[in-house]
Amino acid sequence: MTNRSAKATIKGYQYQFNLSILEILKLKALTDEVTIEGVEDIDITEESGELEAIQIKYYEGTKYSPSIIAKPIRWMLKDFSENFNKDRRYKIYGYYSNSDKIFNQESEKIYVDLEDFKNKFLIYTKDSKIPEDEKVPDDVKIPGKPGYYKRSIKYHEESDINLSDQYLEKFISRLEINVKAKEFKELENDIIKEFIEMFSCDKHEAKIYFEKAKAIISELAIGGDGNNKISKEVFLESLKNNKRKLYNIWMIDELNIRQYEKKVKHNLNLTQMNLSPNERFFIIEIDKLITNVEIKVLLQEISKKLSVIPNGKRKLESFCPYFFLRGISNERLAVIKKLFDQDGENLIDGYKYKDSDFDTEFIKRRPSVEHPIKYKFCNSIMDLDSTINSLEKTREIFEFYYTDSLDKKYNHRHELIRINSTNDIRKLI
């Protein structure tokens with residue numbers, strides 16, 4: 001997706017915070033509470049004990065399709081199955097580029113019936129190993145991944161879920177899907193109107209309350225368990241106690257960036273990945289500000305986390321990461337490689353000697369006591385693709401970009417991470 005960017009992600013968080021403000025203002029009782037980043041993005045706990053878990057999607061550059069909300073629905077279904085006897089409701093609130101054009105007719109529905117709901121949201125495919133005694137059709141086999149196929153999974157029939165149609169009907173009765181949410185500016189205007197009505201103030205004062213409210217929600221978002229909830233009463237008192245104009249929009253953005261970095265780091269989970277000897281590829285777009293030494297330090301940090309180099313004492317399956325540096329010349333790449341060589345660090349790039357052909361078997365060599373390889377460089381996109389396609393083990397691709405990602409999606413775990421600068425990667429690993 002070309003729209004994935006830190007700016008878009010931050011706007012998504014701001015939308016989430018804005019909706020949190022509106023939900024608090026609309027709570028019926030002063031003792032009702034809102035939790036930020038609880039079961040879902042926003043949890044509303046009413047005085048009666050009923051909980052509504054709300055997942056928020058703000059994709060102004062993406063058209064709606066069932067696949068976008070399928071995974072969140074499965075998460076909600078799992079939570080429902082684990083808390084069946086609790087009074088919980090679920091809601092997916094989403095804005096998409098075509099929100100104003102879809103489901104405008106009475107006959108148009110997000111899903112028609114239970115079977116349609118299953119087909120759209122609960123049935124999906126997963127890369128699976130072909131059993132030795134089983135044959136599968138060629139059209140479900142995965143190109144470039146011998147011995148694997150796309151296995152169809154019915155989530156509701158998985159062993160840890162296994163919900164009957166009756167249970168699913170109960171879940172659906174507690175689920176609300178809104179794919180026609182308010183646009184960003186429209187939502188902001190609604191919030192300002194709420195402040196005007198609630199505090200009997202003018203638009204100027206309402207905007208001051210709004211900025212204070214954003215600051216409160218931002219603090220809750222980074223508060224963690226126990227410090228991420230607030231009642232309507234406490235929220236309103238906090239607003240009343242500070243009516244001075246706030247100049248912290250920049251600080252809110254900073255908090256949001258930190259939240260973004262925190263989420264990305266959690267999702268990548270690179271500190272734990274060194275437990276599994278997977279084949280990991282780092283596609284890194286190099287900006288104009290980063291120096292060669294800084295590039296070297298960045299790759300050293302990645303390799304240190306994700307390499308196992310044998311030392312002759314313990315028998316471990318050795319591995320190290322692959323790197324493809326986008327946006328630099330061959331001459332600069334050669335200089336960067338020389339920096340590693342000067343530090344006495346071993347690297348390979350798939351070329352046995354000058355002017356030789358690229359050899360996938362050569363670059364796939366694992367580190368050994370004799371050759372403690374820490375870095376594997378793919379000099380071009382062709383070398384990268386050839387290497388990925390030649391491997392049989394689990395492959396994971398982490399693509400960091402600041403202008404645009406590659407115009408392709410690999411048929412493996414392929415994470416797209418938007419950054420503001422190449423040096424930002426060090427905060428995410």
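The values are calculated or read from the model by the stated rules, or taken from the named source; none is laboratory data. Given the structure is predicted, the values throughout are model-derived calculations rather than measurements. FYI the Cβ positions are ideal-geometry reconstructions off the backbone, even for glycines, and counts take in every protein chain you see.
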Exercise for the section: Could you tell me whether any residue of the range 4-21 is assigned by the TED database to the domain that holds Lys240, over 23 Å from the mean Cα position of the chain (by Cα), assigned to a loop (DSSP other than H, G, I, E, B) and not charged (D, E, K, R)? Expected result: no
Practice task
Please determine, by comparing only the residues of the range 331-364 that are modelled with pLDDT under 90 and among the basic types (Lys, Arg), which one is farthest from Arg413 (Cα to Cα).
Solution key: Lys354
Problem - Boolean, Asp43 is assigned to a helix (DSSP H, G or I), more than 18 Å from the chain's Cα centre (by Cα) and more than 20 Å from Asp190 (Cβ to Cβ) - result: no
Exercise for the section: Kindly establish whether Val335 is touching a Gly at 6+ places or on another chain (Cβ under 7 Å), touching a residue at least 40 places away in the same chain (Cβ under 8 Å), of a type outside the set (Gly, Ala, Ser) and surrounded by fewer than 18 Cβ atoms within 10 Å (Cβ to Cβ). Expected result: no
Handout entry: the range 125-173, subset surrounded by 14 or more Cβ atoms within 10 Å (Cβ to Cβ), more than 22 Å from Ala70 (Cα to Cα) and out of contact with any Lys or Arg (no Cβ under 7 Å at 6 or more places or on another chain), residue modelled with the lowest pLDDT
Key = Val136
Problem - Wholly enclosed strands (runs of 3 or more DSSP E) of the range 316-384 bearing at least 2 residues of a type in the set (Ser, Thr, Tyr) - result: none
Practice task
Scan the range 176-203 and report the pairs whose first residue is within 18 Å of Lys101 (Cα to Cα) and whose second residue is assigned to a strand (DSSP E or B) and of a type in the set (D, E, K, R), with Cβ atoms within less than 9 Å and a gap of 6+ or a chain change.
Solution key: Ile177/Lys91; Asn178/Lys91; Val179/Lys57; Ala181/Lys57
Exercise for the section: Could you tell me whether the range 387-394 includes any residue that is closer than 15 Å to Phe282 by Cα, within 17 Å of the chain's Cα centre (by Cα) and either assigned by the TED database to the domain that holds Asn267 or not in a loop (DSSP other than H, G, I, E, B) (or both)? Expected result: no
Practice task
Go through the range 301-315 and give me each residue that's out of contact with any Phe, Trp or Tyr (no Cβ under 9 Å at 6 or more places or on another chain) and in a helix (DSSP H, G or I).
Solution key: Glu301, Lys304, Lys305
Practice task
Could you grab me the full set of residues in the range 320-332 that are in contact (Cβ under 8 Å) with a residue 60 or more places away in the chain and charged (D, E, K, R)?
Solution key: Arg326
Practice task
Test Glu47 against the stated conditions and say whether it is in contact (Cβ under 8 Å) with a residue 40 or more places away in the chain and among the acidic types (Asp, Glu).
Solution key: no
Completion exercise
Taking first residues from the range 358-372 that are closer than 15 Å to Pro321 by Cα and without any contact (Cβ under 8 Å) to a residue 60 or more places away in the chain and second residues anywhere that are acidic (Asp, Glu) and surrounded by 16 or more Cβ atoms within 10 Å (Cβ to Cβ), the pairs with Cβ under 8 Å that are 6 or more apart or on different chains are Ile363/Asp349; Ile363/Asp383
